[in-house]
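Asks: My structure is below; once you've seen it, I'll send some questions.
A short reminder: the numbers here are calculations on the coordinates, not readings from a lab. Since the structure is predicted, the reported quantities are computational estimates derived from the model, not experimental observations. Neighbour counts are summed over all protein chains in view; Cβ atoms, including those assigned to glycine, are modelled from backbone coordinates with ideal geometry.
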């Protein structure tokens, strides 16, 4: 029997904890073993507490404890360390096959390379990286995961918004052609925003209370889309607004298609996308509010009740997504797919192929 793939997690904030929780609830559960977590900002009792109890996703569906330097998850120990410098973490002790970099602090090639120098053969990053050049490959699961070869060393899981919108744009471009697209992301608050006004950010909008305002922020979504769909280069623009809710986000997509399309025809194509990518894209026609998608594992849920068309190829779509839980589940999907590729590569090396 093949042993589980040994995972380490660097950064145990919202995404790091969601990855561990998602793995516990995932069909991939037996394929992986989390052997180490690095979280510089918190002590072990706090880590255990915030693993057990979560204001967004509820109580952990299992038993959490801690002993010595270990977080105990359903009786299985996970070593916990508190290193700020990847080269000082002693990662080699844990014999991990893959690092999930979930801190968001390492975006350049030079920074990510530190984890390879620390002994990891491969790193899966929970953000796009500073540019396409900083990673070996960027994956949106369901679109280009088949391109993973196993030879990559640093792979990006893109962003939650890119995972939500790229499959939709890809399907629309294939079915109707896209002349122009404008994306507005309505994103739930994040921990780079203060509860009350404070002097903590160079972006003056992000010095304002996250609880009291809709706050426009900068976004690299258009560049992320073009990295995955180069056929849309120069055709995509985007903006983002943080909204004062705890979780679940949405994308309001304005698109000019290559021809006029009626609402029913457009929704039929979107339903077809959900059937092509089950578990990744969903379609619904119910009268929804954002809370309906808290803890939803899909990358995107297309709300067909909000589809509109207006002649000359113009269409407006609305896409929901749990920006934490959906993204964490895609990290596990990518890790599972990639691990099959690099274990195949290792077997080929041993066989001298």
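Asks: Given labels modelled 7 Å from the Cα in the Cβ direction, how far is it in nm from residue 268 to residue 110?
Replies: Simple spin-label model gives 5.6 nm for this pair.
Asks: I've got another one for you. Starting from 0.36 nm per residue, how many nanometres of slack lie between residue 218 and residue 92 once their C-alpha separation is accounted for?
Replies: This chain segment gains 41.6 nm when fully extended.
Asks: Let me ask something else. Once you have the Cα-Cα distance between residue 131 and residue 117, take 0.36 nm times their residue separation minus that, and quote the gain in nm to one decimal.
Replies: 3.0 nm
Asks: Next up: Starting from the 7 Å offset along Cα-to-Cβ, what nm value, one decimal, do you get for the label separation of residue 179 and residue 285?
Replies: In this crude spin-label approximation the distance works out to 2.9 nm.
Asks: Would you mind checking segment 10-46 for residues with the amide N under 13 Å from a putative spin-label position 7 Å along Cα→C-beta of residue 53?
Replies: The answer is 46, whose backbone nitrogens lie closer than 13 Å to the label point.
Asks: What percent do you get for the relative contact order of segment 160-322 when only Cα pairs under 8 Å and 6+ apart count?
Replies: 27
Asks: Okay, moving on. When the convex hull of the Cα atoms of the chain is projected onto a plane and the area is averaged over all directions, what value comes out in nm²?
Replies: Mean shadow area of the hull around the Cα atoms is 19.0 nm².
Asks: Would you list 65, 145 from fewest to most Cβ contacts within 10 Å?
Replies: 65, 145
Asks: Roughly what would the spin-label model give for residue 195 and residue 207, points 7 Å off Cα along C-beta, in nm?
Replies: Simple spin-label model gives 2.1 nm for this pair.
Asks: What would the Debye formula give as log10 I(q)/I(0) at q = 0.14, 0.20 Å⁻¹ for the alpha-carbon point model of segment 160-322, no solvent?
Replies: Cα-only, vacuum Debye calculation for segment 160-322: -0.71, -1.28.
Asks: Let me ask another. Compute the relative contact order of segment 1-105 as a whole-number percentage, counting only Cα pairs closer than 8 Å that sit 6 or more residues apart in sequence.
Replies: Working: 161 pairs, mean separation 40.2, N = 105.
Averaging sequence separation for qualifying contacts and normalising by length gives 38 percent for segment 1-105.
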